[in-house]
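Written out below as structure tokens is the structure these notes cover.
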Amino acid sequence: MTTDAVEALTGAGIAATSASSFGPVAIDVPASAWVAAHEVLRDAVGLTFFDFLSASDELKDGFRVVSHLADFWGGSHVDHVLVRTLVPRDHAVLPTLTEVYAGANWHERETHEMFGIDFTGHPNLTTLLLPEEFEGHPLRKEFVLASRVAKPWPGAKEPGESDHAPSGAPSRRRTLPPGVPDPETWGPRPPGSPAPDPLAPAEAAATPARPRRTTAPGERRTRRQAPPSEPPPES
């Protein structure tokens, strides 16, 4: 199925490449061919079932939009394909898929709310899940949950941090949750503000503190052996 899909897309003049993922094989297409790629996959490949559409925040690389398509045939047999594309962070815009798959309507509205991605041509790109007065896009990595800043971390659950704790009880040093900036610098920034980059905490949280130790395939990690001690000198 994946080979047929890639061949159909490249035959239609779309620069498509396949990549492995945690599940169905993904096909990457340019954002300019987003709608055309789905039309080819529906009409020429037979992926007529639209499952979902969502996105992920790739920080400075932009937003990766992904759709899941399927084809049912041979009784219970199902073919799955993920279609992905990248849109820049400063211009997160894609044409809508609602003319190709009617089921994309609800998913594009949710993705618009959560990531701030605009889907041009959508018939009703309005609020779906969040309150009308809500500001920001909760699934962007620079978006900080207000409760994480306002409530002490990890909350009144440690010795000395509860209102009912006995006087003189020891108290642990309060720490900020991962990815949360200092409360004094958190919040909306006006244009040209010298405040820190809002992406900085997210990038710091995404960078591992130290590289993970790896072993060769099939090799088991062994406990480090202490060097043999020298025998005592003969008297």
In Å, descending, principal axis extents of the Cα set of the range 91-143:
32, 23, 14
Once both labels are modelled 7 Å past Cα along the beta-carbon direction, what's the residue 78-residue 234 spacing in nm?
7.9
What is the distance, in nm, between label points placed 7 Å from the Cα along the Cα-to-Cβ direction at residue 70 and at residue 145?
3.0
Would you please give the residues with an amide H less than 5 Å from that of residue 47, counting only those at least 5 places away or on a separate chain, with H modeled from the backbone geometry?
42
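In µm²/s, what is D for the range 1-148 at 37 °C and 0.692 mPa s, where D = kT/(6 pi eta Rh) by Stokes-Einstein and Rh is the Kirkwood radius from Cα pairs? Please list the in-between numbers first.
Values: Rh = 16.1 Å.
Stokes-Einstein gives a translational diffusion coefficient of 204 µm²/s.
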Simple spin-label estimate for residue 31 and residue 132 in nanometres, 7 Å along Cα-Cβ
3.1
Amide proton proximity set for residue 52, modelled H, under 5 Å, gap of 5+:
68
Note down the accessible area of residue 109, probe 1.4 Å, to the nearest 10 Å².
40
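The values are calculated or read from the model by the stated rules, or taken from the named source; none is laboratory data. Keep in mind that this is a model prediction, so the values were computed, not measured. Reconstructed Cβ throughout: ideal geometry from the backbone, glycine too, with neighbour counts over all protein chains shown. These accessible areas exclude ligands, DNA and RNA; they are computed on the full protein's heavy atoms, side chains included. Shrake-Rupley method; radii C 1.70, N 1.55, O 1.52, S 1.80 Å.
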